[in-house]
2 protein chains.
Amino acid sequence: MNQRKDSLETMFYPRSIAVVGASNNPKKIGHEIVKNLRRFKGTVYPVNPREKKVGGVRSYPTVRDIEGPVDLALIAIPSAGVRDVLEHCGEKGVRSAVVITAGYSEIGNKGPEQDIVKVARSYGIRLIGPNTVGIANNDNALNATFLMDSKQGHIAFLSQSGALGAAIIYKTVYEHLGFSKFVSLGNMADIDFCDMLNYLEHDNATKSVALYMEGVKDGKSFIESARRCSLKKPVIALKSGISGAGARATASHTGSLAGNDRIYDAAFAQAGVIRAPNIDRLLDAAKVFSQPRMDGNNVAIITNAGGPGILAADECERVGLAVSELPNALQEKLRALLPSYASVKNPIDTIAQAGHREYFESIKALQCDKSIDAILAIIVVPTFTNIGMNIHARALIEGWDASTPLVTCFMSGEVAETSMRLVDAHGIPSYPTPERAAWALGALWKHSRWCNEH
Amino acid sequence: MNQRKDSLETMFYPRSIAVVGASNNPKKIGHEIVKNLRRFKGTVYPVNPREKKVGGVRSYPTVRDIEGPVDLALIAIPSAGVRDVLEHCGEKGVRSAVVITAGYSEIGNKGPEQDIVKVARSYGIRLIGPNTVGIANNDNALNATFLMDSKQGHIAFLSQSGALGAAIIYKTVYEHLGFSKFVSLGNMADIDFCDMLNYLEHDNATKSVALYMEGVKDGKSFIESARRCSLKKPVIALKSGISGAGARATASHTGSLAGNDRIYDAAFAQAGVIRAPNIDRLLDAAKVFSQPRMDGNNVAIITNAGGPGILAADECERVGLAVSELPNALQEKLRALLPSYASVKNPIDTIAQAGHREYFESIKALQCDKSIDAILAIIVVPTFTNIGMNIHARALIEGWDASTPLVTCFMSGEVAETSMRLVDAHGIPSYPTPERAAWALGALWKHSRWCNEH
C-alpha cells in the first residue's frame, strides 16, 4: 500500500518529467504536452531521437540518456515503441508512467497491453493508461495532458473516458468549476479506480471525488476502497452502460464490461457512493461538498420569487429532504424582518422588494435556529429595479457563518453570473436552477446520513 | 369561442395600446413598460393624470380622453384605482386588458379581484392577471411587460408565476432560445390556460407550448383544451406544488390549489401533455419540436467520443427510445466511410479523427435508411487538433435533408457555443449534454406516438 501511495505521490508531485514523443510539430500530441507543462515548476526533459531541441529545450534520444533523475514519464509515441520506452524507464529508475498511446485492449489488442504492464511491473513502475489523455494536478500547477488547463478547485475528477474527461474540463472551465486533480484512467491496465481512491482518501487538496465509470474489474476491491474513501470524503459516480446499447458500446470503448446495473446500484449503496444520473448532476453534487455535513434533513428555503421556491420545495422532498413549517418563534422573527406580504412558513417568500438587509438578517436568523439543517437561498433577478443581484450575494456572504450548509440559486442567465461567481469564490455553491440546487443538497444529506450510520 | 379568440387576437396584435400608470419616474413599472414598447409598430398612449408627457409623448388623464381607438390597456397603478380604469376602458370600447397590479387573491383579497372581473365582463373586456408581469408577442415586436425583450422563436411560454417567467426570459436570452409569445398569466381571474391553449392552437408563429403551472381551476376544460392543442402542436408542462411544502407555498403564491399530483399526471396523459420534471427539461423539450414527428422509436446515435455516446444510449432507453444495432447494409456503408477503428453498430463511434466528410456522409446515409426514426449527433471538441467543431456543425447542416428528426449535442463549454448557435440557426436543436439531447428526443417520440394513437 505504501509503495502504491508513494508512486502516486510521485506521479502527482514529480520533481522532473520525461516527455517521450515530445515534438516541435504542432500536430503531435507530444507538442501539446510540452506546451501544457509550461507552468510546471520542476524539470521537463523532452525525449525524441529525431529532435535536438523541443520548445527550445534540449531533447534526449532516450530516457536513459537523461542525466538527472526522472520521476514521471509521459509516453505519447506509436504503440510499437512503448515497450522499449518502459524498459528504458525501468533501467533509469523511473517510478511512474502515463501511457497516452492508444491502440490496446480498447480495439481488441489485449496481448500488447498485458505485455507493457508486465514490463512496468518488473521494474516497479506504476502506470496510468494506456489510452488516456493524461493527468493534471492543480495543487502543483501540473497539466500532464494534451487538454486545456482546468480550473483549480477541490474536486478530484476521475474519468474512464478520455474524450468525456476532456469535454468536462472544457465545460467546467466555462462554468467556473474547479478541480484539485484530474485523471483520465484510460484502459486501467494497472492503476484503476481503487488505487486512485486509496490515494485521494488522504489528499488534502481534495474535498470530493467525482467518477465517470464504465465498469470495474474487481468489484470487491472497489467497494472496499470507495467505502473507506467515503468515510473521509464523498465519492459521486456517474456509471454508464446501463442500457443494452450502452453496454454494447462500452465493450468497444474502454474494453470494460458494463455489468448488471443493479449490482452497481447495490455496490454503490454499500460503499456510500452517491450515484448521479447524468453529467450535470455529477458535477452539481461534487460541488456541494464545500459545505459542512448536515445533522438532519430539514431545509429552510428562502426566495424572492414564489414559483422557484415551490420548485425547490418539490425537488427537496423528491430527494429525501424535508421542508417543514418553521417554528413559531422563527416565523415571528422573520415576519418582523420582512415586507408585510412575505410568507414566513417555508419556503420563505421574501417577495421581490427584499434586498440586502432582508437576506442578511434572514440568513442570520435561520442559521441560529437548531431546527434548520441547511439553507437553500434563491434569488431571481429583481425585475426592472436596478438594485441588481449582487446585493443579495453579498448579504449571503456577509451573513453566513459557515456553520449551517448553504446552497444558492441565482436565476436569470447573464445577469446572475457575477453573483454566482461571487458566492462561489466565498465557498458557497451556486446553481442555475432551483431544482439543481435542491438535488445537490440532497446529495449532501445522503452522504451526511451515510457517514452518521457508518 | 369566436369572440374569445378575437379578444386574444386583439391582445397580441393590437393597433394601439394605452399604458395606464405610464411614468417618467424610472422606479415605476409604468416607466419600464413605455420604454419596452419602443419597438412596437402601433400607437402607444401614455395615461397618467399627473404627467403632461411620458417619454416625450402626450399623456392622457384617463383612457376616455384618448381620441383614437384603443385595442389593449396595460394597467400598472395601485389596486385602489384599477376598477375605475376598467370602467373607463369599457366606456372607451377597449377589448382587452392586462392588469399588472398585484395585491389581489394572491394575498387573500378575493373580493376586489372578483369585482374587477365583474366590471371587465360587463363591458366584454377580456383580462389577463391581475398580478402579472405582462405579455409579449415577438411575432409583432410587442413587449408589453416590464422585463427585457425575449428572443424570437417558435415556443409559446405561459407562466403562472411572474418572477419565474421573468427569470426564464433572462435565462433563454442568455442561452439563445426564442419565444413566439410569452404570457404571465398571474392570478388567472379571467383568461386562463384554456383560453390561451385555444388561441395558440391556431397560432402559426407557435410550434410548441410550454407551461409553468401551479394549478388549474377547471380540470375538465383544461384537458379538453390541452388535448385539442396537443393534436396540432405539443404542450409541455412543468407542474409544481407536488410536495407538501410546495403545495402550501402555492396557495400563498398565486392562490391556486396544487391538487393531487396523480390527478395531474392522469390529466396530462389523457390530454397528450408532456410533463417536464424541471425547468431545464421544460425548455429542452419545447425546443425539440422544430423537428418533424417520429415514425417509430429507433434512434441512431453518432458520436466522435465513446463515453458521451454511451450516456446518450442509456438516456435514450430510459425514456423509451430504442438504440438498435444498425442493419448490416448500413453498417457496411458506414464502415467504408469511417476510420478503421470506428464502431458502426450504434452508437456509431466515429472516433476523434472524423471531420466534415465523415459526419456529412454519415448523416446522408442514416437519413436514407428507413429503419432510423431519428438521429442524435454528438460532437466533443476534438482535443488539441485545431480543426474546431464548426466543421461538424456545417457537415450536419449541409447533410441533413430535414426529413428525419435530428438533435445535436456539442460538448465542451465555450468552444462549443458557436457550433450550437450555428445549428440552432438552421433549425437543428442543440443541447449541452448527451443526456439532455436524448431526453428531448424522448419528448418528441412521446408526442409523435400520442398523435399516432389519437
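In this structure, is B:Leu422 over 19 Å from B:Ile372 (Cβ atoms) and surrounded by 17 or more Cβ atoms within 10 Å (Cβ to Cβ)? The answer is yes for B:Leu422. In the stretch B:303-329, the residues that are at the interface with chain A (Cβ under 7 Å from one of its Cβ atoms) and more than 25 Å from B:Ala393 (Cα to Cα) reach residues that are in a helix (DSSP H, G or I) and open to solvent by less than 10 Å² (accessible area, probe 1.4 Å) with C-beta atoms within less than 7 angstrom, at least six apart or across chains, in these pairs: B:Glu317/A:Ala245. Scanning the stretch B:250-269 for residues that are within 28 Å of B:Ile378 (Cβ to Cβ) and within 22 Å of the chain's Cα centre (by Cα) turns up nothing. Residues in the stretch A:23-56 that are free of Cβ contacts under 8 Å to residues at least 60 places away in the same chain and within 14 Å of chain B (Cβ to nearest Cβ): 9 in all.
If the condition is being open to solvent by less than 10 Å² (accessible area, probe 1.4 Å) and away from every other protein chain (no Cβ under 14 Å), then the stretch A:211-235 contributes A:Phe222, A:Ser225, A:Ala226, A:Cys229, A:Ser230, A:Pro234, A:Val235. Quick check on A:Ala336: is it part of a helix (DSSP H, G or I), surrounded by fewer than 22 Cβ atoms within 10 Å (Cβ to Cβ) and in the same structural domain as A:Val209 (by TED's automatic domain parsing)? Answer is no for this residue. If the condition is being of a type in the set (A, V, I, L, M, F, W, C) and buried (at least 24 other Cβ atoms within 10 Å of the Cβ), then the stretch B:402-415 contributes B:Leu406, B:Val407, B:Cys409, B:Phe410, B:Met411.
The condition of being modelled with pLDDT of 95 or more and not assigned by TED's automatic domain parsing to the domain that holds A:Ser403 holds for only one of A:Leu311, A:Leu282, that being A:Leu282. Is it fair to say A:Glu453 is open to solvent by 10 Å² or more (accessible area, probe 1.4 Å) and within 14 Å of another protein chain (Cβ to nearest Cβ)? Considered against the rule, which asks whether it is open to solvent by 10 Å² or more (accessible area, probe 1.4 Å) and within 14 Å of another protein chain (Cβ to nearest Cβ), A:Glu453 comes out as no. Taking the stretch A:350-454 and the helices (runs of 4 or more DSSP H) fully enclosed by it, the elements with 3 or more residues that are closer than 23 Å to A:Val319 by Cα, of a type in the set (D, E, K, R) and modelled with pLDDT of 95 or more are at A:434-453. Per the listing B:Lys28, B:Lys5, B:Lys53, the residue uniquely out of contact with any Asp or Glu (no Cβ under 7 Å at 6 or more places or on another chain) and at pLDDT 95 or above is B:Lys53. Residue count for the stretch B:339-365 satisfying the condition of being among the small types (Gly, Ala, Ser), surrounded by fewer than 23 Cβ atoms within 10 Å (Cβ to Cβ) and either at positive phi or in contact with a strand residue (DSSP E or B) (Cβ under 9 Å, 6 or more places away or on another chain) (or both): 2. Among the residues of the stretch A:12-62 satisfying the criterion of being surrounded by 15 or more Cβ atoms within 10 Å (Cβ to Cβ) and polar (S, T, N, Q), which is farthest from A:Ala141 (Cα to Cα)? Taking the candidates together, the pick is A:Thr62. Kindly check whether there is at least one residue in the stretch B:398-415 that is facing chain A (nearest Cβ under 9 Å), closer than 19 Å to B:Glu175 by Cβ and without any contact (Cβ under 8 Å) to a residue 12 or more places away in the chain. Among the residues of the stretch B:398-415, at least one is facing chain A (nearest Cβ under 9 Å), closer than 19 Å to B:Glu175 by Cβ and without any contact (Cβ under 8 Å) to a residue 12 or more places away in the chain, which makes the answer yes. As for the stretch A:250-257, it holds at least one residue that is within 27 Å of A:Met11 (Cα to Cα) and open to solvent by less than 20 Å² (accessible area, probe 1.4 Å).
The values are calculated or read from the model by the stated rules, or taken from the named source; none is laboratory data. None of the values given here were measured: they were computed from a predicted structure. Please note: Cβ atoms are built from the backbone with ideal geometry, for glycine as well, and neighbour counts cover all protein chains shown. Remember, those area values only see protein heavy atoms, side chains included, never the ligands or the DNA or RNA. Shrake-Rupley method; radii C 1.70, N 1.55, O 1.52, S 1.80 Å.
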